[in-house]
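See structure below.
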Protein chains: 2
Amino acid sequence: MKIQNDLVLRAARGEAIERYPVWLMRQAGRILPEYRAVRGSLSGFKELVETPERAAEVTIQPVDILGVDAAIIFSDILVVPEAMGLEYQMIEKKGPWFEKTIRSEEGLKFAQTEFDVEDRLGYVTEAIRITNKELNGRVPLIGFAGAPWTIFCYMTEGHGSKTFSEARKILYTNPTLAHELLSRITKVTIQYLKAQIKAGAHIVQVFDSWAGILGKEQYTEFGLKYMDQIAAAINEVPVTLFAKGAYNSVSDLAALDCNTVGVDWNMQMSEVRAAIGENRTLQGNLDPCVLYSSHQEVERQTNNMLNSFISRRHIVNLGHGVYPDVDPEKVKTFIKTVKSYEIQY
Amino acid sequence: MKIQNDLVLRAARGEAIERYPVWLMRQAGRILPEYRAVRGSLSGFKELVETPERAAEVTIQPVDILGVDAAIIFSDILVVPEAMGLEYQMIEKKGPWFEKTIRSEEGLKFAQTEFDVEDRLGYVTEAIRITNKELNGRVPLIGFAGAPWTIFCYMTEGHGSKTFSEARKILYTNPTLAHELLSRITKVTIQYLKAQIKAGAHIVQVFDSWAGILGKEQYTEFGLKYMDQIAAAINEVPVTLFAKGAYNSVSDLAALDCNTVGVDWNMQMSEVRAAIGENRTLQGNLDPCVLYSSHQEVERQTNNMLNSFISRRHIVNLGHGVYPDVDPEKVKTFIKTVKSYEIQY
């Protein structure tokens, strides 16, 4: 099916675009009252993730309500470790919680790779099929997965953390185990992304949320190595890599076989562009907090960001997920500002 | 009183040193069973902070037990907001919790500046006097305070956070309030540091733990501006500025009127040195997780770090506070390795 508004895909490939495309990380989520209504009718976050019809419904909401240039499938990066054998709960106001963790070779029994992803993650691919049917080609659909390093963090630490010291401990005390687990996660992640693409994802993004807690050498060894394997394996659609906080590694990330590199709000777009050149599209990077300001200030800050671009190769986004208590009207102002901005290149 | 081992002071001032000095952030704390014994005999963390004799006791423990080249007064950065009128609790395993927060002009009544710091924070200066008496000049005593931006984060957010979005929201919605509160914190912090120095602190460090959550422009406006005021006001003793995660601002930080700049473990020492030149001492930056490895690996990684130094102007430390579950024997190996390393400059 032909995509009517394919700006995101063209921008990712470095093709001609009439204006910068825009979408928001976490756009399908708590900022929208329509999302909260759906969520409130179910037992919780995981039921929503696992119910394809409802996941599709909240995936499409921001396209209808906010006017974004892409939908991103509503799901969670932690469905992958769960499919591998490590169940988790999503605890309200606390975040994810794994009953078991992997801290020794014995724990690898909870890191299975020999299964059919359609069997265990069919609810995601089904949600993708339903979404595309209902979107009817209006905008592209983004598939996604967590990066191996970030998934490793949760499988070893068991929950969120400021330092992920349990996860990082293993890199020093048992690097062999670390590489084995990272390899397994990578293997499953590639199969999972390919299944999403087969189901209809038009572009995929890999989120390395905890890239920033490693120094450059360790991120090269335990992060980039596996991002590289994923980027090399996915050739069917454009690939976006987002490694939050990986200041030291953004050029190395851009050197991988990807189309787009995500830029967080702490990085300076002009510096990233200078470092990586014109061969990659950059995605980002408005500070999510800007959306707490007045409409006028949102417009001003958005234009400031757009004026800092010195290239056509951009997909506009926030520098991190939108905060749940932001007024959707501010999001609309952000989107409207991007849409009415005239590209100078 | 003459300090017998004044390596830290000489290194801070860029004077000749026989070997690199070494101490650890959070060295007076839960890693030591001797600390846990003292702490266990009291009602909690805050009682320890507020009882000068016991605070002095745990301050000296790492000098006796680990052989560090400096003591750092056992205290908490949040004693400053408390003195200003905003009480907090330290909740076991959760961290600090403020009942009230400042999010409007009305809240400024909890940000008092017109008081005598000796009145409200005399327990800290008393702990400094006792510590120095008991140390008897063996090593210098480090005083410290939180940076205004970090204190602002807690006074507005009310507790720890991954994003500090409530704190950052104010920077966009009410920058006038933000600057007023930051100015007040700065005023009290300068008085507090001067009181510590008067009581006997030989060097002071300002900790900007949450510097890394701001982009460069905002950190310049809301962070560096107040660090600058503090650095300019303190001339009695050497000043160390540590802004964790402020990758984009490390050169600007080094340009302030300070002696030493702290370097976290995600930054590369060689790059920081290249950026700031030879006029400042650098402090850091071994990944705290290295201390989970074998003794041999601790030694190897410590030597790697030392070999990456291309200057004499270093004070060795971790790149963040030592993790509480680290084996003190590993800390000793770290310290021993530094002490036996021969400087090549």
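Under 1.5 on a/c is rounded, so check that first for the protein assembly as shown, then, if it is not, pick prolate when a/b is larger than b/c and oblate when it is not; a ≥ b ≥ c are the square roots of the alpha carbon gyration tensor eigenvalues.
Working: a/c = 1.86, a/b = 1.59, b/c = 1.17.
It comes out prolate by the Cα gyration axes.
Each label point was placed 7 Å from the Cα along the Cα-to-Cβ direction; for A:Lys93 and B:Glu217 their separation is 3.5 nm.
With the simple spin-label model, which puts each label point 7 Å out from Cα in the Cβ direction, the A:Glu106 to A:Ser270 separation comes to 5.7 nm.
Distances between placed amide hydrogens fall under 5 Å for B:Leu282 paired with B:Val261, B:His314, B:Ile315, all partners being 5 or more residues away or on another chain.
Pairs of Cα atoms nearer than 8 Å and 6+ residues apart set the relative contact order; for the range A:1-94 it is 26 percent. Over the residues of chain B, the helix contribution to mean residue ellipticity at 222 nm works out to -13500 deg cm²/dmol, using -39500 (n - 2.57) for each DSSP H run of at least 4. Scanning residues 5 or more positions from A:Phe144 or on other chains, those with amide H under 5 Å from its amide H are A:Gln205, with H placed 1.01 Å from N in the peptide plane.
Based on the Cα coordinates of the range A:189-269, what is the per residue volume of their convex hull in Å³? Before the final figure, lay out the partial values.
Working: hull volume 7.0 nm³, N = 81.
Roughly 86 Å³ of hull volume per residue.
What sits nearest the axis between copies A and B, counting only chain A Cβ atoms, is the residue and whole-Å distance A:Tyr247, 2. Across the range A:268-303, the residues whose backbone nitrogen lies under 20 Å from the label position 7 Å along the beta-carbon direction of A:Ser340 are A:286, A:290-303.
Residues in the range B:94-99 carry Karplus couplings, in order, of 10, x, x, 9, 9, 4 Hz; the curve used is 6.51 cos²θ - 1.76 cosθ + 1.60 with θ = phi - 60°, and Gly or Pro positions show x. Per-residue mean of foreign Cβ neighbours for A:162-173 is 5 (Cβ atoms of other chains, 10 Å radius). Evaluate E = 1/(1 + (r/R0)^6) for B:Ala255 and A:Lys162, where r is the Cβ-Cβ distance and R0 equals 30 Å; express this FRET efficiency to the nearest 0.05. The formula returns an efficiency of 0.55 here.
Annotation for A:Lys198 and B:Lys225: the two label points, set 7 Å from Cα along the Cα-Cβ direction, are 5.7 nm apart. As an exercise, use a Förster radius of 51 Å and the Cβ-Cβ distance of B:Thr176 and A:Asp116 to find the FRET efficiency, rounded to the nearest 0.05. Once rounded, the FRET efficiency stands at 0.30.
Which whole-number percent is the relative contact order of the range B:7-339 (Cα, under 8 Å, 6+ apart)? With pairs under 8 Å counted, the relative contact order is 21 percent.
The equivalent ellipsoid of chain A has semi-axes of 30, 23, 19 Å, largest first, where each one is the square root of 5 times an eigenvalue of the Cα gyration tensor.
Bear in mind that the values in this text are calculations on the coordinates, not laboratory data. Fair warning: this is a prediction, and the values are worked out from it, not measured in the lab. Counting neighbours? That spans all protein chains shown, and the Cβs are built from the backbone with ideal geometry, glycine included.
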